Amino acid sequence: MDDATLQFYRRNAEAYAGWAKAPSTRLIGFLKLLPPGGAILELGCGAGNHAAVMLAQGFVLRATDGSPEMADVAARRINHPVEAMLFDELEDRAAYDGVWASACLLHVPRIELAGILGRIHRALKPGGIFYASYKVGHGDGRDSIGRYYNYPAADWLAATYAASGAWTQVSSDTSEIKSFDEAPATMLHIVVRKREE
């Protein structure tokens, strides 16, 4: 994780939580791919909006965020434990039916992304589902408030996924958003399945 980006979320946890948008409409489609009551790991849970939906639908959730301050805000909001955990601290093996990573892996330095995806692959059960979203671009950089983004092109990202483990693509689409700093961005949403051994 880029330290300046992490510090932004640590300093601005309450403000970011207040800004956080309604849960993604893609969450419902993701949950439909999982067994009822299945185990989900959420990375970068932010204010906990997605976590609240998962819990309400009866899933077993391990919610995490890289910022301890953000984790505390989310835990209070959803009345459920939220762990402060960086992506490279994920050590689980074949533990989850699904991993949900909404708008968080886009902060992973490019050189580190394949390794993080490999950890996620290892943490999923065979056949497990993984959702992640990224800001589309052609080379990494920082936004107007100093947050690092890997800004991947679709072909680079596909190659990075392929290098991290055996995946089958379920879906891929884009949407237009306005970021926390008010800048417009194109988001790429990817759902993949860990191939059965």
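For the reader, a short list of remarks on this structure follows.
- For residue 167, nonlocal amide neighbours, meaning residues 5 or more places apart or on other chains whose placed amide H falls under 5 Å from its own, are 195.
- Anisotropy class of the stretch 1-114 from Cα gyration tensor, a/c 1.5 cut: oblate
- Helices in the chain, meaning DSSP H runs of at least 4 residues, each add -39500 (n - 2.57). Divided by all residues, the mean residue ellipticity at 222 nm is -10000 deg cm²/dmol.
- Relative contact order (%) - the chain, alpha-carbon pairs under 8 angstrom, separation at least six: 19 percent
- Contact order normalised by residue count of the stretch 1-118, Cα under 8 Å, 6+ apart, percent: 31 percent
- Euclidean distance between Cα centres, the stretch 128-160 to the stretch 29-106, Å: 20 Å
- For the cross-link pairs 32/125; 32/178; 135/194, the ones whose C-alpha atoms lie over 19 Å apart are 32/178; 135/194.
- The phi-based Karplus calculation (6.51 cos²θ - 1.76 cosθ + 1.60; θ = phi - 60°) puts the 3J(HN,Hα) values of the stretch 46-57 at x, 6, x, 5, 6, 4, 4, 5, 4, 5, 4, 8 Hz, whole numbers, x for Gly and Pro.
- Put simply, when 109-115, 94-100 are sorted by average Cβ atoms within 10 angstrom per residue, most first, you get 94-100, 109-115.
- Structural descriptor for the stretch 13-81: relative contact order 36 percent, calculated from alpha carbon pairs under 8 angstrom and at least 6 residues apart.
- Expressed as a whole percent, the accessible area of the chain that falls on carbon and sulfur atoms is 53 (1.4 Å probe).
- Other residues with beta-carbon under 10 Å from the beta-carbon of residue 150 carry, at +1 per Lys or Arg and -1 per Asp or Glu, a net charge of -1.
- Ordering of 27-36, 40-49 by packing [mean C-beta count within 10 Å, highest first]: 40-49, 27-36
- Largest mean-square fluctuation among 51, 17, 159, in a Gaussian network model of the chain whose springs join Cα atoms under 10 Å apart, belongs to 159.
- Average accessible surface area per residue within the stretch 82-163, 1.4 Å rolling probe, Å²: 38 Å²
The values are calculated or read from the model by the stated rules, or taken from the named source; none is laboratory data. Source: prediction; values computed, not measured. As a convention, Cβ positions derive from the backbone with ideal geometry for all residues, glycine included, and neighbour counts pool all protein chains shown. Just the protein is used for accessible areas: all its heavy atoms, side chains included, with ligands, DNA and RNA removed. Shrake-Rupley method; radii C 1.70, N 1.55, O 1.52, S 1.80 Å.
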